[in-house]
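To start, the structure itself, in structure tokens.
The values are calculated or read from the model by the stated rules, or taken from the named source; none is laboratory data. Just so it is clear, the model here is predicted, and its values are computed rather than measured. Note that we place each Cβ from the backbone using ideal geometry, even for glycine, and neighbour counts take in every protein chain shown.
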């Protein structure tokens, strides 16, 4: 692979080793170029619409269900029937496209595995292309790993694969088309489709995806149009691609029917992406000085706005014959402390039991050690049924005001403030070092949970309600004084890596500066 064999107008400003060349073939890159040229103007237009909407929210507008799509919400349409491989998704495990993680996740006993090019993944060039290589081998059953005298390989029975490409806001800076960076999501999606879709179909599954960070049904329509063109280009029947949308922005919660409708031929349901959803609420109402949420640990799925969102997602999906998948339990096993491990396992069990009893068809876990516990709770409710889409929940009626009932507002504690600072520094330092999925304080942290940490600190400083339970107002000076203390604590765990000093400086800027960065991964990406 040389610059002369790239599609016209494409430039790759990174290494193309012989190993990488198996992914970056002229034919695969031609598909990338065709999709980017066809859809990049719409992507940029939709990002501009996001900015305009944010300005209106900053000025005091509140979201509501769209009057112009009332007919869609009132209609009796349903999504296309599910392919057999997606009928049973009681437990889904998630993780980045790292080789050992891929093998362990496929072998975990989960029904499905969401492999991640987004929030649990640092998108440096090596991670992106090596991840594509790993998945290509895994789909063909040839992936292996020799590590510390142990051989890792796939079992005969493995989980069904779903792939999460990057969101619309993320670009691939190493690939230029006509002099401009291309969409990271289209790059991830097109390379995967070109190399694997037909192989997956031949093996009894298909190309299945998770779509992150959508804020509107128009953004879902863009993905649907990309699916249609890609299937035409690759000679696949329409409807071959299936996608589950993560409802992880508060604006998308008001357009769930419309999102399913746009993707109805390609839909595999919705997922309650809880951590990003909390971040989205903080971000969208960050300038409302009366808005405030309590310590991160207090904002659970039983909080009023979270409960309303979870039930509305479930009711909406099942009314449209689509799966409803519960969000991530970030708890992980604690091997060296049986008492804390018991508490963590009870937390996972409570979370999954609530989802299953409500009517959800499955839920996420972040660690293979949690699969059995989560599976048990769904099996108790479902028995031998693959899902409970027939549980329609007509009793659920959720209003706009319920989706916006932001509680609890208290307590905000010094421990909670320090926790946010500590997690933020620890995660940002790991991300800069190339690891986007990090166990911290017995929780599996990714970009979504780190976003809550830094956005809460920023917002507490500005909210009239941002006061600690001992009466002290959270201020930028208070945060700046705590940052070196928390950095020192992080270093007792991770050592004295240079990325953590840089992470502390970034966290201070992002949590105390006047401007609020839309996503922490955007400035971070420029540093790797």
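The residues of the range 146-165 that are surrounded by 17 or more Cβ atoms within 10 Å (Cβ to Cβ) and either in contact with a strand residue (DSSP E or B) (Cβ under 6 Å, 6 or more places away or on another chain) or assigned to a strand (DSSP E or B) (or both), listed by number, are 159, 160, 161, 162, 163, 164. Pick from 448, 430, 488: which is loosely packed, with under 14 Cβ neighbours inside 10 Å, outside the structural domain of residue 287 (by TED's automatic domain parsing) and assigned to a helix (DSSP H, G or I)? The conditions single out 488. Going by the structure shown, is residue 70 outside any strand (DSSP E or B) and under 30 Å from residue 158 (Cβ atoms)? The answer is no for residue 70. Quick check on residue 123: is it assigned to a loop (DSSP other than H, G, I, E, B) and surrounded by 16 or more Cβ atoms within 10 Å (Cβ to Cβ)? Yes, satisfied. Do we find a residue being modelled with pLDDT of 95 or more and on the phi > 0 side of the Ramachandran plot anywhere in the range 447-467? For the range 447-467, residues modelled with pLDDT of 95 or more and on the phi > 0 side of the Ramachandran plot: absent. For residue 79, the test of being in contact with a strand residue (DSSP E or B) (Cβ under 7 Å, 6 or more places away or on another chain), assigned to a loop (DSSP other than H, G, I, E, B) and modelled with pLDDT of 95 or more is passed.
For the range 304-336, a residue qualifies if it is assigned to a loop (DSSP other than H, G, I, E, B) and in contact with a helix residue (DSSP H, G or I) (Cβ under 9 Å, 6 or more places away or on another chain), and the qualifying residues are 320, 322, 323, 330, 332, 333, 334, 335.
In the range 17-39, the residues that are over 24 Å from residue 222 (Cβ atoms) and in the same structural domain as residue 165 (by TED's automatic domain parsing) reach residues that are part of a loop (DSSP other than H, G, I, E, B) and modelled with pLDDT of 95 or more with C-beta atoms within less than 9 angstrom, at least six apart or across chains, in these pairs: 20/14; 24/6; 24/16; 26/6; 26/7.
Kindly evaluate residue 320 against the criterion of being surrounded by fewer than 17 Cβ atoms within 10 Å (Cβ to Cβ) and not assigned by TED's automatic domain parsing to the domain that holds residue 455. Don't jump to the end; show me each part of the working.
Working: surrounded by fewer than 17 Cβ atoms within 10 Å (Cβ to Cβ): no; not assigned by TED's automatic domain parsing to the domain that holds residue 455: yes.
Against the criterion (surrounded by fewer than 17 Cβ atoms within 10 Å (Cβ to Cβ) and not assigned by TED's automatic domain parsing to the domain that holds residue 455), residue 320 does not qualify.
Would you confirm whether any residue within the range 194-202 is more than 16 Å from the chain's Cα centre (by Cα) and either under 30 Å from residue 62 (Cβ atoms) or buried (at least 24 other Cβ atoms within 10 Å of the Cβ) (or both)? No, the range 194-202 has no match at all. Of everything in the range 457-477 that is touching a helix residue (DSSP H, G or I) at 6+ places or on another chain (Cβ under 9 Å) and in a helix (DSSP H, G or I), the residue that is surrounded by the fewest Cβ atoms within 10 Å (Cβ to Cβ) is 477.
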